[in-house]
Each structure stands twice: as structure tokens, then as C-alpha cells.
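Shown next, in C-alpha cells, is the structure this report addresses.
Every read-out reported here was derived from the displayed coordinates using simple, explicitly stated rules and does not represent laboratory data. Quick caveat: nothing in here was measured; it's all calculated off a predicted structure. Counting neighbours? That spans all protein chains shown, and the Cβs are built from the backbone with ideal geometry, glycine included.
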Amino acid sequence: MMNRQGLNKLFWFFSVALVGLQSFALAQEESRLDAYNKLRKVIGTVEKYYVDELTLNEIVDKAIDGMLSNLDAHSAYLDEKKYEDLKIQTDGQFGGIGITISLKDNALTIVAPIEGTPGDKAGLKSGDIILKINDESTLSMGIDDAVNKMRGAPKTKVTLTIVRKNEPKPLVFDIIRDNIKVESVYSKGIMDTNYVYLRVTSFDKNITQRVNEELKKYKKIDGIVLDLRNNPGGLLNQAVGLSDLFIKDGIIVSQKGRIKDENIVYRATKNTPYATIPLVVLINNGSASASEIVAGAIQDNKRGVLVGEGTFGKGSVQVILPTEKKEALRLTIARYYLPSGRTIQAVGVTPDIEVAPGVVPDENSGFSIKEADLQKHLEGELAKVDKKEKKQSDSKNTITQKQILQDIQLKSAIDVLKVFKVL
């Protein structure tokens, strides 16, 4: 049984510990109060001395907006108008130019133009920096404000001033807005092969199902070229679902944040219809977010080969948290990590085979000038080839030799599939 002296020591120990904990808690509370007081004093000073008269609500809104925008490029305060805009789906009332944008190194940067949209047809490119929208500078402009300025009624004009790498001066694009209707998935056979070209332009809610339906159209598939170039991303579950069509075992992607409940590991389900078909994935610096998840999962699981250029590097998770009935925060709560544990954020995914965009050099075109000039012996064969290519070029369901020669990245992907066949 413990004696009185022992009890006194134990009591003293717990008393000191309790006082210490109370002191620590008080210090933390005082620190929080000091921070709140600092903010209150700054708001009061602005309210009293700023050159233009502002209401307290206006000052608070600007303070919240500044705080969120300084966290990262994707967090933002959504006031009543921005929150409503977020909830509105393009249904004919609004038009746009069909580009995805982000803040990169504090510059408003085009992630990718969406295929077939006004921005794509005008010639906008991934990596272009938007300097002006109409006559308004984008310096210090947030993503939401920029999007709202580029949106508008169909058939109306918006002017973008663009800074492009290796261009000596800014480029000006006059673009006519339209309703954005995106063909998210389509496929084509590749001439003279049993290879399938599978194009995914964005990740909407039906991508996995539509890819599966497209691939079922082909009786025999010896290889797949999955084209994710200029795909700005979309829904996480569709990125996981698409990866799951090709990856039989292992981790696809992990989501990790400060709150343990938000940490999720997504794994392949083994319900994988195309687990053994040779696969090559085309990527470039317009491939972002969900595209990077798919490409990284395929690379880390050694399921296929990546060809093209390094991706954009957007690997963070945002959620919408309503603060009032008509206001909300868009807040980054986690980051994505690939199966190997590496992050996508600001780093991107590096291809296994780096190939810059462009046409195939003439020496790879299949015929030299001398061959074309040969008489008699080759005239018949040349006519057959020309006739065959003309017939193929009229087909909407086939990638022709002529199209392949206009895209060296695609040709490189097809060459990789041929190597798979040899191995």
C-alpha cells in the first residue's frame, strides 16, 4: 500500500502536469485570440481609412477571398454569384470557348483546349498564358473571374491576348462563343492493323461505360493507343474506372490529406476485360488531373508505355463547403499520390518515351521521290496505294497512313505496339 509520502509525490506530479496542460491550452487560446484581434484591427483600419467607402460585409468578403486565393491556385471563396455560376450547367443559356485554365506560377494558363470547341479551332494551345481578356489585364485575376469573363451568350465575341513560348510578341485571338458540346470518347481502327485508337477528351460521368462500349465494337484487338493529350481531367471515379479496365491488380491512386477520414486508397477490382492487350498512352502538357491519374497508374503498375511529353501537374483534391445558404468555399483538402507514392502536384507524369509534337520526317513516309518517279514497274503499285489511301481517308472510322504521318507522337505509339507484338 502506498505511503503518505508516495501519495504526496503522485499528487504533486499530477498537479504539475495539470497546470502544464492548462498553461499550454491557455497559451494556445491566447495565440488564437491575438490572431483574431490582429484581423479585427486590420478590418477596422480599412473600414475607417480606405480611400473608397466600403461596408463591413464588403471588407470581410474581400478578406476571405484574399485568404483563400493565397492558399493555392484552386482554393477560392464563392460569393452568391460565383456559387450560383458553379451550380449552373451549360444548357443553352450560356456559351463559352471550350478551354480549361489554371494558375501556374501566378499566371493564368491554359491547361488544354477541348477538342472541337471554338478555343481549339482558333488555335489556342496548352501552356498559353492569357495576358488579357478583351481589354482587361489578367494580372491578379482569379480563375473564377476569368471563367466568368470568357463565358457569354453564343455567337458573341471574346478577345484573348496570349503569351506563347518562343513567340516574339503576344498573339491576339478573336473567338466566337458557342455552346460547348464535347465528344468525350471515340475510337477508330488503325489502317492495316488490328490496333484501336481510343480518344478520351475529358472525364465526365459516363467515360468508363462509353470506353467499354467503344472497345466492344472490335472483334479482334492486338493493341490499344489511348490518347489523353489535351485532356484536362474531370471526375476521379471515372479515372479510377478507366484505369480498372486495363489494370488487374494493385493500387490505382491514393488520396491523402490532414484528416485521416479523407485518406482513401483506390485499388483495381480484378474485373478487368482488357488486362492483357498491349497498351500505349499518349500524353502531353495538356493532360491534367484525372488524365495524370490514369497515365501514372498505368506506368507505375507497368501495364503500358507512356509516349509524348510531361503532363501538367494538377494533383490536388477540392471540395465545395457551403458556409451560408448562398455562399461556399472551394477548398483543397488532399493530394493525389500514384501507386509508387510519388505526387502529381506541380510535378506531373514523365513519359517513358519522350516525343515532341510534329509531323513525321520525310524519310519515314514510306516512299521516296525516286520511287515515285519510277515508271512502268511501280506505276501500277503506286496507283493501288493511292486508291487504297483515298478510300481509307473517306472513312470516319479509320486512322489512315496519311493521318499517322501528320502526328509523330501517334506514329511512335503505333511503333511501340509493333515492338510488343515482336516480343
Seminar exercise, completed: Going fewest to most other Cβ atoms within 10 Å around each Cβ, Leu245, Leu405, Leu228 line up as Leu405, Leu245, Leu228
For this session: Could you tell me the number of lysine pairs in the stretch 49-156 with C-alpha atoms less than 26 Å from each other, where the two lysines are 8 or more residues apart or belong to different chains?
Result: 28
For this session: On a C-alpha basis, how far is the centre of the stretch 112-180 from the centre of the stretch 182-253 in Å? Whole number, if you could?
Result: 29 Å
Seminar exercise, completed: Stretched fully, the stretch from Lys121 through Asp145 gains (0.36 nm per residue minus C-alpha distance, one decimal, in nm) 6.3 nm
For this session: Among the aspartates and glutamates, select those whose C-alpha is under 19 Å from the C-alpha of Lys219, and discard any that sit fewer than 8 residues away in the same chain.
Result: Asp192
Exercise. Ranked by Cβ crowding within 10 angstrom, fewest neighbours first, how are Lys165, Lys326, Lys411 ordered?
Worked result: Lys165, Lys326, Lys411
Exercise. Short version: ³J(HN,Hα) in whole Hz for each residue of the stretch 270-287, in order, from phi by Karplus 6.51 cos²θ - 1.76 cosθ + 1.60 (θ = phi - 60°), x for Gly and Pro, what are they?
Worked result: 6, 8, 10, x, 10, 6, 10, 6, x, 9, 10, 10, 8, 9, 8, 6, x, 7
Exercise. How would you rank Tyr49, Tyr186, Tyr197, going from fewest to most other Cβ atoms within 10 Å of each one's own Cβ?
Worked result: Tyr49, Tyr186, Tyr197
Problem set entry | Kirkwood Rh and Cα Rg combined as Rg over Rh, evaluated for the stretch 88-176 | 0.93
Problem set entry | Karplus-derived 3J(HN,Hα), 6.51/-1.76/1.60, for each residue of the stretch 231-236, Hz, glycine and proline x | 9, x, x, x, 7, 4
For this session: May I ask for the percentage of alpha-carbon pairs in the stretch 185-354 that lie more than 21 Å from each other?
Result: 46 percent
